[in-house]
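Student: Quick one: structure below, then a few questions.
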Amino acid sequence: MDHSIVDTAMTSRKRKREEYKNIILLAAACVVHMVIGVVTWYHNNYFVKEPTRNWELERHSFLNRLYRGKNKDCIEQLRLSKNAFFNLCRILQEKGGLVRTRNVPTTEAVAMFLHILAHNLKYMVVQFSYCRSKETISRQFNDVLRAVMKVSKDYLNFQPCTLEGAKANKWRWFERCIGALDGTHIPVTVSPDERPRYRNRKGDVSTNVLAACGPDLRFIYVLPGWEGSAGDSRVLRDALRHQNKLEIPTGKYFLVDAGYTNGPGFLAPYRGTRYHLNEWIGNTPQSYKELFNLRHASARNAIERSFGILKKRWSILRTPSFFDIKTQIRIINACFVLHNFIRDEQQTDQVLEVQDLEFLSVVDEELVHQSREEVQNNVIDNITTIQATEEWTRFRDTLAMNMFANYQVRRNFA
């Protein structure tokens with residue numbers, strides 16, 4: 001009997017403990033629920049929430065403004081008019097083997113590529129505008145770069161050009177001349193171990209690029225890749241022996257500056273005689289050598305103007321970029337290809353022609369200042385790769401004397 005009473009009492013106490021425990025849990029749940037409700041209400045009413053972004057929509061909107069909007073915007077951002085841009089995309093697809101991926105169309109890939117070259121943008125900047133990962137941007141950039149390299153031979157070659165007006169008058173005395181040849185230094189980024197080899201005489205880290213252009217400012221030949229410390233003679237010697245050889249047809253020649261030897265294939269001005277165009281302001285030629293140098297400088301100025309337009313258009317050539325040196329050299333080559341593509345497109349695209357005229361007006365002013373600095377510094381690299389011959393010296397003297405005789409006759413009749 002006593003055991004039964006004890007068991008009943010223990011069971012009653014357990015039941016009460018369970019009921020008490022349930023009441024506490026229920027109360028805690030109510031408190032938590034009330035706290036969550038208050039926090040939710042406060043968040044909904046007082047927290048500033050960033051709206052959900054539709055990356056795909058933002059990207060399409062940006063791209064439509066870029067190359068389907070105003071021509072002015074396309075020119076400023078990509079350096080091409082809308083028509084030229086779509087022509088380039090078509091050529092890179094048909095001839096360069098560029099294909100669209102599952103998520104990135106070729107137009108977007110080409111736009112990213114041109115944007116980086118035109119403004120020397122880093123991937124993180126492009127990532128913000130195009131709403132793409134840096135991995136995607138890098139992959140697309142290299143795909144387009146490979147496509148441009150594949151079509152380079154179609155653009156970096158000699159093409160006959162027809163000159164009119166003042167341009168024709170500049171070149172009329174140089175009938176067998178193909179164009180002008182010179183070197184230019186382009187800043188690059190290299191590892192600390194390689195910097196001494198790439199440091200030029202001005203102390204900058206650069207690559208020495210040899211190039212030749214025609215009277216129409218279209219590049220005929222380009223050899224990028226040499227270290228900045230390499231002299232022009234070494235680069236020219238390599239160009240004449242390189243697999244991508246600089247070929248000069250028999251009887252033809254390039255105009256070169258006084259640093260080069262006057263020899264077969266390369267017509268240089270007379271040394272020790274006034275040459276740079278700004279030196280002729282307020283002066284008239286008094287001898288056949290002076291007249292020859294004046295007309296030589298007027299025509300050879302084409303290569304300086306070509307370099308000037310090239311660097312004005314593609315900002316990546318004016319400052320060191322973050323790519324490895326091998327990619328930087330390929331980028332330089334691609335910029336020359338794109339320069340020629342634009343020169344070709346100008347024949348039917350007035351917008352591109354206006355852009356070049358704007359670039360040229362700035363370049364010509366800079367060239368006058370640059371020429372004055374060169375005269376003051378009097379720095380010339382003597383290039384002896386080409387051997388002077390008596391026959392070639394007579395050719396230059398005869399040409400110069402004929403120029404001066406014609407000049408004197410015209411002055412007497414004026």
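Student: Which whole-number value in Å³ per residue fits the convex hull of the alpha carbons of the chain?
Tutor: 250 Å³
Student: May I pose another question? I'd like the carbon and sulfur percentage of the solvent accessible area for the chain, probe radius 1.4 Å, heavy atoms only, ligands and nucleic acids excluded.
Tutor: Answer for the chain is 52 percent, counting heavy atoms of protein chains only.
Student: Past 28 Å, Cα to Cα, is the threshold; run 72/202; 245/289; 170/289 against it and keep the listed order. Numbers along the way, then the final one.
Tutor: Working: 72/202 37 Å; 245/289 32 Å; 170/289 17 Å.
Those over the limit are 72/202; 245/289.
Student: Solvent-accessible area of residue 242, probe 1.4 Å, all protein chains present, reported in Å² to the nearest ten, please.
Tutor: 70 Å²
Student: Going through the cross-link list 134/326; 82/312; 252/311; 150/326, which pairs have a Cα-Cα distance over 22 Å in this structure? Write out the running numbers ahead of the final one.
Tutor: Values: 134/326 20 Å; 82/312 20 Å; 252/311 28 Å; 150/326 16 Å.
Pairs exceeding the cut-off: 252/311.
Student: Now a separate question. Apply the Karplus curve 6.51 cos²θ - 1.76 cosθ + 1.60, θ = phi - 60°, to the phi angles in region 105-116 and return the couplings in whole Hz, x for Gly and Pro.
Tutor: x, 5, 4, 5, 4, 5, 4, 4, 4, 5, 4, 5
Student: Okay, moving on. Given the whole protein assembly as supplied and a 1.4 Å probe, what does the accessible area of residue 41 come to in Å², nearest 10?
Tutor: Here the accessible area works out near 140 Å².
Student: Mean residue ellipticity at 222 nm from the helices of the chain, using -39,500 (n - 2.57) per DSSP H segment of n ≥ 4 over the full residue count, to the nearest 500 deg cm²/dmol?
Tutor: On the way: 15 runs with 242 residues, N = 414.
Value at 222 nm, helices only: -19500 deg cm²/dmol.
Student: For the chain, with the dipole built from +1 on Lys and Arg beta-carbon atoms and -1 on Asp and Glu ones, taken about the Cα centre, which of 124, 74, 105 lies farthest toward the positive end?
Tutor: 105
Student: For the chain, what is the accessible area per residue in Å² when the probe is 1.4 Å?
Tutor: It amounts to 57 Å² per residue over the chain.
Student: Does region 221-329 come out rounded, prolate or oblate by the C-alpha gyration tensor, with a ≥ b ≥ c the root eigenvalues, rounded set by a/c under 1.5 and, if not, prolate when a/b is larger than b/c and oblate if not?
Tutor: oblate
Student: Calculate how steeply helix 350-377 sits against the longest principal axis of the alpha-carbon atoms of the chain, using the helix alpha-carbon long axis, and give the answer as 0 to 90 degrees to the nearest 10.
Tutor: 70 degrees
Student: Residues with amide H under 5 Å of residue 260's amide H, sequence separation 5 or more or different chain, H placed in the peptide plane at 1.01 Å from N; which?
Tutor: Those qualifying (amide H under 5 Å, at least 5 residues apart or on another chain) are 383.
Student: Another one. Please report, in debye to the nearest 20, how large the charge dipole of region 30-159 is about its Cα centre when each Lys and Arg carries +1 at its beta carbon and each Asp and Glu carries -1 there. Display every interim value, and only then the final one.
Tutor: Working: 20 positive and 10 negative charges, 72 e Å.
Roughly 340 debye, rounded to the nearest 20.
Student: With +1 assigned to the C-beta of every Lys and Arg and -1 to the C-beta of every Asp and Glu, and no other charges, what is the dipole magnitude of the chain about the Cα centre in debye, to the nearest 20?
Tutor: I would put it at about 680 debye.
Student: Here is a follow-up. Karplus couplings for region 334-347 from phi (6.51 cos²θ - 1.76 cosθ + 1.60, θ = phi - 60°), rounded to Hz, Gly and Pro as x?
Tutor: 4, 5, 5, 4, 5, 4, 5, 4, 5, 4, 5, 5, 4, 4
Student: A further question on this structure: Please turn the phi angles of region 297-312 into ³J(HN,Hα) values with the Karplus equation 6.51 cos²θ - 1.76 cosθ + 1.60 (θ = phi - 60°), one per residue in order, whole Hz, x for glycine and proline.
Tutor: Per residue, the Karplus-derived 3J(HN,Hα) values read 5, 5, 7, 5, 4, 4, 5, 5, 5, 5, 4, x, 5, 4, 6, 5 Hz.
The values are calculated or read from the model by the stated rules, or taken from the named source; none is laboratory data. Here the structure is a predicted model, which is why all the values come from computation and not from measurement. Cβ sites come from the backbone with ideal geometry, for glycine too, and all protein chains shown count toward neighbours. The accessibility values were calculated without ligands, DNA or RNA, using every heavy atom of the protein model including side chains. Shrake-Rupley method; radii C 1.70, N 1.55, O 1.52, S 1.80 Å.
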